[in-house]
1. Would you point out the residue of region 77-118, among those that are within 19 Å of residue 66 (Cα to Cα) and modelled with pLDDT of 80 or more, that is surrounded by the fewest Cβ atoms within 10 Å (Cβ to Cβ)?
2. Taking the options 405, 440, name whichever one is at pLDDT 85 or above and surrounded by 16 or more Cβ atoms within 10 Å (Cβ to Cβ).
3. List pairs: first in region 170-181 and under 17 Å from residue 316 (Cα atoms) and more than 9 Å from ligand 2 (Cβ to nearest atom), second part of a helix (DSSP H, G or I) and modelled with pLDDT of 95 or more, Cβ under 8 Å, 6+ apart or cross-chain?
4. Of all residues in region 144-173, count the ones that are within 12 Å of ligand 1 (Cβ to nearest atom) and more than 18 Å from residue 91 (Cα to Cα).
5. Quick one: in region 450-480, which of the residues that are part of a loop (DSSP other than H, G, I, E, B) and surrounded by fewer than 14 Cβ atoms within 10 Å (Cβ to Cβ) is modelled with the lowest pLDDT?
6. Quick check on my filter: what residues within region 149-167 are at pLDDT below 85 and part of a loop (DSSP other than H, G, I, E, B)?
7. For region 183-213, how many residues meet the condition of being in a helix (DSSP H, G or I) and within 12 Å of ligand 1 (Cβ to nearest atom)?
8. Do you know which residues across region 332-359 are surrounded by 17 or more Cβ atoms within 10 Å (Cβ to Cβ) and part of a helix (DSSP H, G or I)?
Ligand SMILES: Nc1ncnc2c1ncn2[C@@H]1O[C@H](COP(=O)(O)OP(=O)(O)O)[C@@H](O)[C@H]1O
Ligand SMILES: [Mg+2]
């Protein structure tokens, strides 16, 4: 360092201010702490500091909101934002406003010094320009756990890129939600987001689904149909459950990604494609590669930015906020007042193992919304409903078997309406509730093999596929 750089450290928490200050002084910087009593804007106006490390919440206002003003006054000043109150919004906003870097708290102090050094070493203009995207204040990704903060950060970093992203995580962890956020906050937001679930489409139809077909290309192709690639042109193509893609389709997809063009089934002229690809899977692709079931070269094409979403059981601190969010949503959908969780209920929720992750939590909150008559959900109801799930999935279990639990659930359901009648469509809703675990558990028992599952259930293969799609059954449970 030729001249010593001066860092402004703004935080309303004097503990953090001190820790950061000491670390930076040790690394050879001059530091001006800004906190109680000193105004950040005064320091900025008087020309102090070369770089600012700021919290989002400051005594004299919101650090993020000050960024535009700071940049107007001091265009050369680098800004690093740190925040404990991290939502996807904070990450996206900080990046869009042109902060050099965004660090969710708690962060590693070495990471901060590394970022400071990197920021001071860049020359103005290096960061590129940040496009402004209309921000939705109600962004529905909930969770402040360190794991989620990492994800927000990655999403924010990818804002102005079209990089291919590979999202992995157990079923129900939020892979599709994150894929949508990547699209909605990206520069293709006003174009189409097209999702294709490889596990839900019959294997021999995947290629025509993706690339489209010409009239007469095969029996039943009575008229030309554009594929998903064409629909996603200029937008995003979300290839969900990519691990379930048949190998011929993998080969074709790889070629399309390499050449940037595709030909429809039965077609002659290649069409250029400009779809941003986001892929997701609950499977272990490296294992599939080892077993010869997934093309390694395709994996490398897709795995440009890997994003892994941890299971809910590894981020239990997110559970209360998620649960309340789903109670609000379920209350609105059912036309009930939003239920609250008792302390006990929260405790029980945190204790559960959540094999179905966030989706399971969402379903549980929907059930509790209709089943619990009180405004506050008691702890035993949470346990009861979690257990009831396990009971109903074992046909002929105790307490009257499946019929008995169905009867209990349905009578609870009517009771919850307190003399009023439920909304129309009850028959289908109840049957869905039963069909879904029946199908998903049968699939689990057959290791995901749909042909075997259809045989066990005594259903036609195509009927089973249609049900899987219609009911939104995750095939995931497949591999044990
Ligand atoms: N962090 C989150 N905040 C709010 N809702 C979430 C979150 N993660 C998942 N969900 C909800 O849980 C359900 C399952 O998520 P989804 O993205 O379909 O999971 P996956 O694709 O991994 O199976 C969806 O209704 C989704 O909106
Ligand atoms: Mg999914």
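1. The selected residue is 77.
2. 440
3. Filtered contacts from region 170-181: 170/357.
4. Selection size over region 144-173: 7.
5. 480
6. 159, 160
7. Matching residues across region 183-213 total 0.
8. Matches in region 332-359: 345, 346, 348, 349, 357, 358, 359.
The values are calculated or read from the model by the stated rules, or taken from the named source; none is laboratory data. Note that the structure is a prediction, hence the values are computed from the model and not measured. Methodologically, a virtual Cβ is constructed for each residue, glycine included, from the backbone with ideal geometry; neighbour enumeration extends over all protein chains shown.
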